[in-house]
1. For residue 100 and residue 145, calculate 0.36 nm times their separation in residues minus their Cα-Cα distance, and state this gained length in nm to one decimal.
2. Under the definition of Cα pairs under 8 Å and six or more residues apart, what whole-number percent is the relative contact order of the stretch 6-160?
3. Please sort 38-49, 7-18 by packing, taking for each peptide the average over its residues of neighbouring beta carbons within 10 angstrom, highest first.
4. In whole Å, how far is the Cα centre of the stretch 1-77 from that of the stretch 90-155?
5. Using the alpha-carbon atoms, what tilt in degrees (0 to 90, nearest 10) does helix 42-52 show relative to the longest principal axis of the chain?
6. Output the Cα-based Rg and Dmax of the stretch 11-135 in Å, rounding Rg to one decimal and Dmax to a whole number.
7. Going highest first, how would you order 89-95, 133-139 by mean Cβ packing within 10 Å?
Ligand SMILES: Nc1ncnc2c1ncn2[C@@H]1O[C@H](COP(=O)(O)OP(=O)(O)OP(=O)(O)O)[C@@H](O)[C@H]1O
Ligand SMILES: [Mg+2]
């Protein structure tokens with residue numbers, strides 16, 4: 001496992017299913033950055049992760065319009081950040097990002113690439129639109145935990 005894995009999905013349900021598998025495998029303290037253009041499917045993937053973590057459908061994962069952070073309770077807490085409207089890094093500090101990311105929950109960050117300083121993470125996922133229904137997801141492991149997770153994720157996908 002090189003630390004990079006390419007996956008392709010046809011339709012939102014497949015992207016959600018991939019996210020769900022990650023949610024099932026996620027361990028405490030996991031930080032995942034989601035990158036890619038507007039409307040490519042970052043939140044869709046995050047919805048799958050929430051499902052895999054056992055978050056109740058009564059606490060739906062949405063693209064927050066004003067909030068930068070939504071918290072959902074599952075097997076582990078899920079911290080869903082959307083930094084699209086973030087103006088300064090201080091705002092991120094005000095949200096308590098460091099405490100959250102170093103804690104025992106699972107942290108997902110949409111639009112982390114809007115920050116000039118890269119955020120530490122275990123995994124970065126770059127989504128790319130192929131056509132109306134198809135997406136390419138490039139998983140890049142950034143540390144040991146990310147590489148292990150990726151090996152499990154890719155292994156699980158290959159045995160489907
Ligand atoms: N293969 C696919 N994977 C994910 N979404 C898909 C796919 N095919 C079509 N879609 C559609 O693309 C849209 C993805 O929206 P979503 O809110 O998840 O994107 P986003 O990257 O979070 O956008 P934003 O940058 O505004 O937060 C949905 O309308 C979904 O139905
Ligand atoms: Mg979104």
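Read-outs throughout are calculated quantities, based only on the coordinates presented, and are distinct from any laboratory measurement. No experiment lies behind these values; they were computed from the predicted model shown. All Cβ positions, even for glycine, are placed from backbone atoms using ideal geometry, and neighbour counts span all protein chains on display.
1. Details: separation 45, 0.36 × 45 = 16.20 nm, distance 1.74 nm.
Taking residue 100 through residue 145 to full extension adds about 14.5 nm, to one decimal.
2. Details: 295 pairs, mean separation 48.4, N = 155.
About 31 percent, as a whole number.
3. On the way: 38-49: 22.3, 7-18: 17.8.
Ranking, from highest mean packing down: 38-49, 7-18.
4. The stretch 1-77 and the stretch 90-155 have Cα centres separated by 10 Å.
5. For 42-52 against the chain, the angle is about 80 degrees.
6. Using the Cα atoms of the stretch 11-135, the pair Rg, Dmax is 13.5, 38 Å.
7. 133-139, 89-95
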